[in-house]
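The values are calculated or read from the model by the stated rules, or taken from the named source; none is laboratory data. What you see is a predicted model, and the numbers here were worked out from it, not measured in a lab. All Cβ positions, glycine included, derive from the backbone under ideal geometry; neighbour counts span all protein chains shown.
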Amino acid sequence: MIKAVTTEYLIPSNLIDFLEDLADDHGWSYERLAQDEIILDYPGSWCDYKLAFMWIGDMHTLGISASFQMRISKSAKLSIYELLARINEQLWIGHFDLSDEGMPTYRYTLLAGTSESEWHNLVEEIIQIAIGECERFFPAFQFSIWGGKNPSEAITSAMLDTEGEA
């Protein structure tokens, strides 16, 4: 039997304020939807990403999602679901799915930290991870949706490593 452990969680009451400050520091636009929710616009190299953060107090977690404006037609959805499965096989942290609006979205949930500075460091790290994975797999979605490649071809094309600079 597993013994329940009671833990004091630092509820980061100012975590969303921290994200506002981070956005201001970097010149990113943002919208504060509620005391515990914010959306940031992050300029990537392929497109602008929407980073959404939601503090879920009763679970002591921070939900994070990064989505990009890429509409998927109904006829392409079956192929995209296979592509999502192939992409998710490549990930160690988080996963991709389709948002309610049908856009590719990277999702991750952070469990409660123990200190304010730990939270700030974790949030900055996960922003970099989320954007990195979006940047890494954006071409695969593009190859599949606009290039007509099957999921295997799209992943292979997106994962090519280039050498040198043009």
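Among residues belonging to the stretch 16-53 that are under 15 Å from LEU110 (Cα atoms) and touching a helix residue (DSSP H, G or I) at 6+ places or on another chain (Cβ under 9 Å), point out the one that is surrounded by the most Cβ atoms within 10 Å (Cβ to Cβ).
Out of the qualifying residues, it is LEU19.
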**Message:** With at pLDDT 85 or above, more than 14 Å from the chain's Cα centre (by Cα) and under 18 Å from ASP100 (Cβ atoms) as the only criterion, which of MET70, MET54 stands out?
**Reply:** MET70
**Message:** So, in the stretch 22-73, exactly how many residues are assigned to a strand (DSSP E or B) and of a type outside the set (Ser, Thr, Tyr)?
**Reply:** 23
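Could you tell me whether any residue of the stretch 101-111 is loosely packed, with under 14 Cβ neighbours inside 10 Å, within 30 Å of ASP21 (Cβ to Cβ) and not charged (D, E, K, R)?
Initially, the stretch 101-111 is screened for residues loosely packed, with under 14 Cβ neighbours inside 10 Å, giving 101, 111.
In the following step, the residues that additionally are within 30 Å of ASP21 (Cβ to Cβ) were identified as 101, 111.
Right, trim to not charged (D, E, K, R) and you get 111.
Yes, because at least one residue in the stretch 101-111 is loosely packed, with under 14 Cβ neighbours inside 10 Å, within 30 Å of ASP21 (Cβ to Cβ) and not charged (D, E, K, R).
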**Message:** Quick check on ILE131: is it surrounded by fewer than 20 Cβ atoms within 10 Å (Cβ to Cβ), in contact with a strand residue (DSSP E or B) (Cβ under 8 Å, 6 or more places away or on another chain) and modelled with pLDDT of 80 or more?
**Reply:** yes
